[in-house]
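The structure under discussion appears below in the form of structure tokens.
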Amino acid sequence: MCYSTALRKEEEEIRREMRRKGMVVNFGVGLEYTPYYHLNGFSRGNLYIIKMDEPESIYPATWGLVPDYALDRPDDFWKKANTLNARGENIFETMSFRGSADDKRCLILADGFYEPHHENGVAQPYFCYQPTDEYKEGGLFLFAGLYNGLDTDFYTKLYTTTILTVEANPFFSEIHNKKKRMPLVLDSNYYEDWLDSGLSRQSVGEIIATGFTEMEFKAHPVSRDLYKKGIDTNRPYIVEPVQKDTLF
């Protein structure tokens, strides 16, 4: 599962990093983008996505996909259903996601996410990131996701989205040692394919099964403030390690 993310890059940094990944993108017209250190999915904040039908644009999307059958009552749907994540293994069978799996796949921007590590009955949050030569504390990467549109007027485009998860690899099995799941961080070789409208269901399944990035991840424990209510955790300290010695 993945219920908390980070995206600390400024707009120009994102555009530059995406060019390095082979994609030329710009933020949607009128978009007010603000970097963040911690976004809790249950707050219904915005993730930033690249859609199949507009691979050159970045749009905000409320975290928690609302399927077609609930578009007239999204608030009621969110109260009953948790669609922050979609299990990649069965997106074509799950009612909430099968309507988007064929033709509303997306890439979701991030430069970190948080996972719980359980020890002696206590959950310790870990910050997970990909160090690069330029960004030692985490470069930009892209989750595989699904999205859907909300009913809007002609001038407004509103979307909802979900992050795909898969069975954890050995590294993330050690971190997320209870559920043993991880978000599907796509290798850059699969970006174009994931957004291809002609991709068969079999090929989608193959990407889900084999498309996790080959770039190394690192992780360190962070403040348990992440799990507390009434505390502003969208601040720089929340990504900082709380101890020098770390398991990962």
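Every read-out reported here was derived from the displayed coordinates using simple, explicitly stated rules and does not represent laboratory data. Here the structure is a predicted model, which means the values were calculated and not measured. Don't worry about glycine lacking a Cβ; one is built from the backbone with ideal geometry, like all the others, and counts go over all protein chains shown.
Values computed for the structure shown
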| item | result |
| --- | --- |
| Packing rank of 75-88, 228-241, where each peptide gets the mean count of other beta carbons within 10 Å, highest leading | 75-88, 228-241 |
| Max mean-square fluctuation residue, GNM over the chain, Cα-Cα springs under 10 Å, options Glu93, Glu17, Glu137 | Glu93 |
| For peptides 19-28, 111-120, sequence by mean Cβ density within 10 Å, most packed first | 111-120, 19-28 |
| In the range 189-248, GluC sites (Glu not before Pro) in a DSSP loop with at most 10 other beta-carbon atoms within 10 Å | Glu214, Glu216 |
| In sequence order, calculated HN-Hα J values of the range 159-167 (Karplus, 6.51, -1.76, 1.60; Hz; x Gly/Pro) | 9, 10, 8, 9, 9, 6, 10, 9, 4 |
| 10 °C / 1.306 mPa s Stokes-Einstein diffusion coefficient of the range 73-125, Kirkwood radius on C-alpha pairs, µm²/s | 113 |
| Length-normalised contact order for the range 4-232 - Cα pairs under 8 Å, 6+ apart - percent | 20 |
| Degrees separating the helix 201-210 axis from the principal Cα axis of the chain, which is the longest one | 10 |
| The range 4-232 - Debye-derived log10 I(q)/I(0), Cα point model, q = 0.13, 0.16 Å⁻¹ | -0.76, -1.20 |
| Pairs of Lys in the range 75-221 closer than 25 Å at Cα, counting only those 8 or more apart or on different chains | 13 |
| Cα gyration tensor shape of the range 137-248, rounded if a/c is under 1.5, else prolate or oblate by comparing a/b with b/c | oblate |
| Listed residues Ser96, Ser173, Ser43, most fluctuating in the chain (Gaussian network, C-alpha, under 10 Å) | Ser43 |
